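Everything below concerns the one structure shown next.
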Amino acid sequence: MKKGVKAVIFDVGGVLALGGGNSQKIKWHYTKGVHSFLADYFKINIDQWFDSIDTVYAKSIEGKISEKETLSIMAKNLKVPLKKLKRIFIKTYKRNFKQNKPLYKFAFSLKKKGYKIAILSDQWHISRRALIKKKYMKRFDKVIISCDVGMRKPSIKIYKFILQKLSLPPHSTVFIDNREWNLKPAKKLGMKTILFKNNRQLIQELSKLGVK
């Protein structure tokens, strides 16, 4: 392992979990595929869907509201039983996303070579359960999920938090995300950053940084 980079930090949605039609920025950075699908399922337009889940979704991503309370409010607005809504959400996330198994394999190969590997992701309780498998999670050195720590990207605090947990200075880390606005605070701190497009491109860019 080269002296420069000592840890590689991965986002989940759009990086370690692919799909969801997440090429566009829409209200609260929603995953378009999931929310469009659910709006269709409940036979309402996308604006009505956003009104139904309202600010509780944003609060749940930041861990300011519990999973049960979040789902209770959504279920009441949508006039659907809570357990049914939870089941539909999980099924829809799994339908719209697939695990990026080759990238997980690459990440674990880096760990064997002596690099620290970590996850830094904005998720609410349901998407965390659907998108981040425990069998993968436990193999990372650190896993920081917004709903667990009470902060989210692009707040500078969450980047400082993961650096503290890794016990590394910013310049010794690489942060990978598919959203450019999430890379800016990391870059400002001095972290190396890569805008994820596909596995091949990412591996090539990591190689240029001496990570291979």
Can you tell me which residues in segment 97-109 are in a helix (DSSP H, G or I) and either touching a residue at least 60 places away in the same chain (Cβ under 8 Å) or crowded, with 18+ Cβ neighbours inside 10 Å (or both)? P102, L103, Y104, F106, A107
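Have a look at D177, D148, D141, D122 and point out the one that is among the charged types (D, E, K, R), at pLDDT 95 or above, within 29 Å of K94 (Cα to Cα) and touching an Asp or Glu at 6+ places or on another chain (Cβ under 6 Å).
On the way: D148 fails: touching an Asp or Glu at 6+ places or on another chain (Cβ under 6 Å); D141 fails: touching an Asp or Glu at 6+ places or on another chain (Cβ under 6 Å); D122 fails: touching an Asp or Glu at 6+ places or on another chain (Cβ under 6 Å).
Within the list D177, D148, D141, D122, the selection yields D177.
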For residues that are closer than 16 Å to V174 by Cα and free of Cβ contacts under 8 Å to residues at least 40 places away in the same chain, tally how many sit in segment 110-136. 1
Taking the condition under 25 Å from K212 (Cα atoms) and crowded, with 17+ Cβ neighbours inside 10 Å, does I65 pass? no
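Does S60 count as outside the structural domain of V149 (by TED's automatic domain parsing) and at pLDDT 95 or above?
The answer is yes for S60.
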Checking L38 against (1) of a type in the set (A, V, I, L, M, F, W, C); (2) in contact with a Pro (Cβ under 8 Å, 6 or more places away or on another chain); (3) modelled with pLDDT under 95, only one condition comes out false. Which one? (2)
Restricting segment 68-95 to residues that are under 15 Å from R128 (Cβ atoms) and not polar (S, T, N, Q), which is surrounded by the most Cβ atoms within 10 Å (Cβ to Cβ)? Y93
Of the residues in segment 134-164 that are touching a strand residue (DSSP E or B) at 6+ places or on another chain (Cβ under 7 Å) and surrounded by fewer than 16 Cβ atoms within 10 Å (Cβ to Cβ), the one that is nearest to K86 (Cα to Cα) is M137
Which condition does I73 not pass, out of (1) under 26 Å from V149 (Cβ atoms); (2) at pLDDT below 95, if it passes all the others? (2)
Of the conditions (1) modelled with pLDDT under 95; (2) assigned by TED's automatic domain parsing to the domain that holds Y41, L85 clears all except one; give me its number. (1)
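The values are calculated or read from the model by the stated rules, or taken from the named source; none is laboratory data. Just so you know, these numbers come straight off a predicted model, no measurement behind them. All Cβ positions, even for glycine, are placed from backbone atoms using ideal geometry, and neighbour counts span all protein chains on display.
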